[in-house]
Amino acid sequence: MKKLLTISVVLVLVLALATTALAQDKAKIRVVHASPDAPAVDIWVNDSIKAFENAPFKGITDYAELDADTYNIKVVPAGATEPAVIEADLPLMAGKDYTVVAVGQLANIEPLVLEDNNAMPAAGKAHVRFVHASPDAPAVDIAVTGGPVLFSNIPFKGIGDYLPVDAATYDLEVRLAGTETVALSVPGVMLDEGNVYTIFAMGLAGGEPALQAVPSLDASYPAMLPETGAAGGNLSLIILALGLALVLGGTSIRLFSGIKA
């Protein structure tokens, strides 16, 4: 019986690890619509797969999972197949997450490709980064109101690296870089433990739609579990839990006829 239990546990663990390994062979990609005067868009992959549909300004899609490869990505007005306002060939590596941000006004729209780091934060921490996607705004600092600067001198299309912060609710300010001049107040930003966030500056500093902060929850690790919806992670845990429940409950399955209880 001990041999049977041992083999059952080993097989369950191998299956769980294999499922996770399959997920690591994939890449994940999402799209952010940050072009203030562009219409809602569809995103096509290799001219044959409509990966995302009718994404509006400020829209942030879920991640889509693809095999590691190079893909042709086209962004077109929603409901149409042309003209392509953005077209790019993107190499996607296994085990990596990507964000493609449509930036600039429609006449000069272009893709800004980000490699995301959705690793789990340490206990009591959240991770946050900043992306400047406002085409007419100057370089900015992002600071805690009455407190430290978190990201300094970030220009249009600039990216502030991931920063670990204590999980809390923050009042933030977007300031003209190197000054105390506040261009935008962003109160009540909740950064919860175990979560990874991106804050995008979108809109126009001198027009409509107005400059605004658009937060995105990129990954979440509640109770130290893998990201909700992450391919393979939750399935592996379920498989492992079921296997252990069977073993601990005394259920035995003879996998090999030569094993005796």
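The values are calculated or read from the model by the stated rules, or taken from the named source; none is laboratory data. This is a predicted model, so every value here is computed, not measured. Counting neighbours? That spans all protein chains shown, and the Cβs are built from the backbone with ideal geometry, glycine included.
Of the numbered criteria (1) modelled with pLDDT under 95; (2) within 23 Å of Val100 (Cβ to Cβ), the one Gly206 fails is (2).
May I ask you to say which residue of Pro91, Pro77 is touching a residue at least 24 places away in the same chain (Cβ under 8 Å), farther than 25 Å from Val186 by Cα and not hydroxyl-bearing (Ser, Thr, Tyr)?
Pro77
Residues considered: Gly178, Gly146, Gly124. Of these, the only one that is in contact (Cβ under 8 Å) with a residue 60 or more places away in the chain and at positive phi is Gly124.
Hey, could you check segment 190-207 for residues that are more than 19 Å from Lys157 (Cα to Cα) and out of contact with any helix residue (DSSP H, G or I) (no Cβ under 8 Å at 6 or more places or on another chain) and say which is surrounded by the most Cβ atoms within 10 Å (Cβ to Cβ)? Out of the qualifying residues, it is Val196. Tell me, please, whether a residue that is surrounded by 15 or more Cβ atoms within 10 Å (Cβ to Cβ), within 29 Å of Ala122 (Cα to Cα), without any contact (Cβ under 8 Å) to a residue 40 or more places away in the chain and among the aliphatic types (A, V, I, L, M) can be found in segment 165-172. Within segment 165-172 (the criterion being surrounded by 15 or more Cβ atoms within 10 Å (Cβ to Cβ), within 29 Å of Ala122 (Cα to Cα), without any contact (Cβ under 8 Å) to a residue 40 or more places away in the chain and among the aliphatic types (A, V, I, L, M)), the answer is no, since none of the residues qualifies. Looking only at segment 209-225, decide whether some residue is on the phi < 0 side of the Ramachandran plot, modelled with pLDDT under 95 and not aromatic (Phe, Trp, Tyr). Checked segment 209-225: at least one residue is on the phi < 0 side of the Ramachandran plot, modelled with pLDDT under 95 and not aromatic (Phe, Trp, Tyr).
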